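Visitor: Structure provided below as structure tokens; questions to follow.
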Amino acid sequence: MKGLIQYFYKIKSNKAILWCYLIWYVAIVYFYFDPSPKIWINAIGISAVIGTALLLSVSSGKPSHGKWDHWQTFRLYLMPFCVSSFSALIKDQGFIIIFSSRIGENLVAALCCGLFLLVVSAIKLIKHKLSSNS
């Protein structure tokens, strides 16, 4: 738990935005989940192809400082998986870009993102106050 709090204390806005993307994705998957293996197998296949292309495009062929960035690699494969499965799940559901035609679903997703950002802000504020009092 301490490591997670430290991670969120140090998180930059670009990574917080990526977390909000993931939160939005999970919320929409919750509302539109389809257990059809075809959707998920296709998403895995697209993830493998596009993730590998993305990995090749950002790497120089050798790890920086002798180590691979495992989180970056995970994200490069996760993003095409999420995009592919998201588009399959929302097909013909009345979405405009990433927004549902049902206001309540958008509110749930937005509130979850807002709650996440509020927690991150609270962690930063509390840790900053604790460190300035020391």
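The values are calculated or read from the model by the stated rules, or taken from the named source; none is laboratory data. Remember, it's a predicted structure, so these values are computed and weren't measured experimentally. No Cβ is skipped: glycine too gets one built from the backbone with ideal geometry, and neighbour counts run over all protein chains shown.
Visitor: Which one of the conditions (1) surrounded by 14 or more Cβ atoms within 10 Å (Cβ to Cβ); (2) at pLDDT below 95 does Ala110 fail to meet, given that it meets all the rest?
Guide: With (1) surrounded by 14 or more Cβ atoms within 10 Å (Cβ to Cβ); (2) at pLDDT below 95 applied to Ala110, the lone miss is (2).
Visitor: Let me ask you something else. Of the conditions (1) over 22 Å from Lys91 (Cα atoms); (2) surrounded by 11 or more Cβ atoms within 10 Å (Cβ to Cβ), Ser60 satisfies every one except a single condition; which number is it?
Guide: (2)
Visitor: Next question, about the same structure. Pairs under 8 Å by beta carbon, first residue at pLDDT 95 or above in segment 86-102, partner surrounded by fewer than 14 Cβ atoms within 10 Å (Cβ to Cβ) and of a type in the set (A, V, I, L, M, F, W, C), six or more apart or different chains?
Guide: Cβ pairs passing all conditions: Leu89/Phe33.
Visitor: Check segment 97-106 and report whether any residue there is assigned to a helix (DSSP H, G or I) and either surrounded by 13 or more Cβ atoms within 10 Å (Cβ to Cβ) or of a type in the set (Ser, Thr, Tyr) (or both). So that I can check it myself, show each step before the final result.
Guide: At the first step, the residues of segment 97-106 found to be assigned to a helix (DSSP H, G or I) are 103-106.
Applying the additional criterion that residues be either surrounded by 13 or more Cβ atoms within 10 Å (Cβ to Cβ) or of a type in the set (Ser, Thr, Tyr) (or both) yields 105-106.
Looking through segment 97-106, at least one residue is assigned to a helix (DSSP H, G or I) and either surrounded by 13 or more Cβ atoms within 10 Å (Cβ to Cβ) or of a type in the set (Ser, Thr, Tyr) (or both).
Visitor: Let me ask something additional. Name the residue, out of Ala88, Ala109, that is more than 30 Å from Phe8 (Cβ to Cβ) and assigned to a helix (DSSP H, G or I).
Guide: On the way: Ala109 fails: more than 30 Å from Phe8 (Cβ to Cβ).
The unique qualifying residue is Ala88.
Visitor: For segment 60-75, check the following and say yes or no: at least one residue is under 25 Å from Asn106 (Cα atoms) and touching a residue at least 12 places away in the same chain (Cβ under 8 Å). Show your work before the answer.
Guide: Going residue by residue through segment 60-75, those that are under 25 Å from Asn106 (Cα atoms) are 75.
If we keep only those that are touching a residue at least 12 places away in the same chain (Cβ under 8 Å) as well, we get 75.
Yes: segment 60-75 contains one or more residues that are under 25 Å from Asn106 (Cα atoms) and touching a residue at least 12 places away in the same chain (Cβ under 8 Å).
Visitor: Now, a different point. Would you say Gly51 is farther than 21 Å from Lys10 by Cβ and in a helix (DSSP H, G or I)?
Guide: Details: farther than 21 Å from Lys10 by Cβ: yes; in a helix (DSSP H, G or I): yes.
For Gly51, the condition - farther than 21 Å from Lys10 by Cβ and in a helix (DSSP H, G or I) - is met.
Visitor: Which of the following residues is in contact (Cβ under 8 Å) with a residue 40 or more places away in the chain, over 30 Å from Ile5 (Cβ atoms) and crowded, with 16+ Cβ neighbours inside 10 Å: Ile28, Ile39, Ile50, Ile46?
Guide: Working: Ile28 fails: over 30 Å from Ile5 (Cβ atoms); Ile50 fails: in contact (Cβ under 8 Å) with a residue 40 or more places away in the chain; Ile46 fails: in contact (Cβ under 8 Å) with a residue 40 or more places away in the chain.
Exactly one residue qualifies, and that residue is Ile39.
Visitor: Still on this structure, please answer the following. Just one of (1) assigned to a helix (DSSP H, G or I); (2) in contact (Cβ under 8 Å) with a residue 40 or more places away in the chain; (3) farther than 30 Å from Ser131 by Cβ; (4) of a type outside the set (A, V, I, L, M, F, W, C) trips up Asp34, so point out which.
Guide: With respect to (1) assigned to a helix (DSSP H, G or I); (2) in contact (Cβ under 8 Å) with a residue 40 or more places away in the chain; (3) farther than 30 Å from Ser131 by Cβ; (4) of a type outside the set (A, V, I, L, M, F, W, C), Asp34 is out only on (1).
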